[in-house]
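Engineer: Here's a structure for you.
The values are calculated or read from the model by the stated rules, or taken from the named source; none is laboratory data. If you're wondering where the values come from, they're calculated on a predicted model, not measured in any experiment. Cβ: placed from backbone, ideal geometry, glycine included. Neighbour counts: every protein chain shown.
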């Protein structure tokens, strides 16, 4: 009897082990990860912020979460004139570091086309990973260890989805905001291209946001959709951005160009204008009866399209969508890749890779990658600054 029970237990153990190994192998083969060792600091709300809301056209309320779970939380609020460039700080709990930036509330709409021949570094889908983003830029000499801009007149292109799925959304957004200021002083440009997850946050869709931000909103006396609403500084800042830009003959968009959009008479300015006018309207699959339907649909829209990765386009269709906007190729994120790579004979460069998480360890251990374009040559660049021609 004991031998029978032992054999049964052994059989169950072996079966479970095999299933776990096979399941893990499938997850990893699909470019997934197994998460472990979740750092408790991910829920540290002490000095979380700032969250900045307009009180009227001339005043803003700058708000930080203070306190802790044991002693209770409260909000530190200060009111500033919108014309005053007050220096603010943002705290990162994981390594107790801070960075500062000037409060600026007047936002200009970026151009859709740039032609200056300067080098370009692009990265996408950071998904709220501040440390990963910061360290990648340091190693690739966009900034130095003091977080000062060292990329000269270069273009730093952020190809969407820098929010959600992580615990450092606030830090990532203010860091981009800071980088814009730093780059402008040195003649460089930061391009924050809107992806579908930035859209979701502006539209109050928080399925992919960490629960931490529900707590933050509650402590601030807000609903979560208030954090990036038209009444917030970060919301107005994000809603000033484009969904597609052409830089030195290369297009940058989070999703891509659907063939039906290639058939329209739209310009890049038209596409960006339509998107900006609808950033706070819910996006969903549309019947594509109008030009605006095509631009805004979650199936065909610039921020959502995945057709380059579904074997549904010919080389000619891909080239047509790019040449319509007088470009030579396009750089996209949105669809996960094993590594930064080129497709369609160099017409499409896919740069969405699985980046490390700030607070969660993963198996296999992921490393960040991006794309460098210099003198019309494309390089896959790694987390440690190494470069490989594509």
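Engineer: Test residue 380 against the criterion of being in contact (Cβ under 8 Å) with a residue 12 or more places away in the chain, within 22 Å of residue 134 (Cβ to Cβ) and in the same structural domain as residue 203 (by TED's automatic domain parsing), and give yes or no.
Structural biologist: yes
Engineer: Scan region 335-390 for residues that are in a strand (DSSP E or B) and within 23 Å of residue 119 (Cβ to Cβ) and report the count.
Structural biologist: Here the count works out to 23.
Engineer: Within region 106-132, work out how many residues are under 30 Å from residue 66 (Cβ atoms) and out of contact with any helix residue (DSSP H, G or I) (no Cβ under 6 Å at 6 or more places or on another chain).
Structural biologist: 5
Engineer: Are any of the residues in region 127-142 assigned to a loop (DSSP other than H, G, I, E, B) and surrounded by fewer than 19 Cβ atoms within 10 Å (Cβ to Cβ)?
Structural biologist: yes
Engineer: While we're here: Could you pull out the residue among 226, 164 that is touching a residue at least 40 places away in the same chain (Cβ under 8 Å), crowded, with 19+ Cβ neighbours inside 10 Å and under 23 Å from residue 278 (Cα atoms)?
Structural biologist: The unique qualifying residue is 164.
Engineer: Within region 96-113, restricting attention to residues that are assigned to a loop (DSSP other than H, G, I, E, B) and in contact with a strand residue (DSSP E or B) (Cβ under 6 Å, 6 or more places away or on another chain), which residue is farthest from residue 180 (Cα to Cα)?
Structural biologist: 112
Engineer: Now for a different question. Please work out which residue is nearest to residue 249 (Cα to Cα), limiting yourself to region 266-296 and to residues that are part of a loop (DSSP other than H, G, I, E, B) and at pLDDT 95 or above.
Structural biologist: Per the stated criteria, the residue is 267.
Engineer: Examine region 180-195 for a residue that is on the phi > 0 side of the Ramachandran plot and at pLDDT 95 or above, and state whether such a residue exists.
Structural biologist: yes
Engineer: Does region 214-222 contain at least one residue that is buried (at least 20 other Cβ atoms within 10 Å of the Cβ), over 30 Å from residue 72 (Cβ atoms) and in the same structural domain as residue 161 (by TED's automatic domain parsing)?
Structural biologist: No, region 214-222 contains no residue that is buried (at least 20 other Cβ atoms within 10 Å of the Cβ), over 30 Å from residue 72 (Cβ atoms) and in the same structural domain as residue 161 (by TED's automatic domain parsing).
Engineer: Restricting to region 309-332, what's the tally of residues that are over 22 Å from residue 270 (Cβ atoms) and out of contact with any helix residue (DSSP H, G or I) (no Cβ under 7 Å at 6 or more places or on another chain)?
Structural biologist: Residues in region 309-332 being over 22 Å from residue 270 (Cβ atoms) and out of contact with any helix residue (DSSP H, G or I) (no Cβ under 7 Å at 6 or more places or on another chain): 6 in total.
Engineer: Looking at 368, 297, 323, can you tell me which residue is over 18 Å from residue 246 (Cβ atoms) and without any contact (Cβ under 8 Å) to a residue 60 or more places away in the chain?
Structural biologist: None of the other options fit; the residue is 297.
Engineer: Is it the case, given these coordinates, that residue 73 is part of a strand (DSSP E or B), touching a residue at least 24 places away in the same chain (Cβ under 8 Å) and surrounded by fewer than 18 Cβ atoms within 10 Å (Cβ to Cβ)?
Structural biologist: yes
Engineer: For region 237-277, which residues satisfy the criterion of being over 21 Å from residue 326 (Cα atoms) and surrounded by fewer than 18 Cβ atoms within 10 Å (Cβ to Cβ)?
Structural biologist: 240, 276, 277
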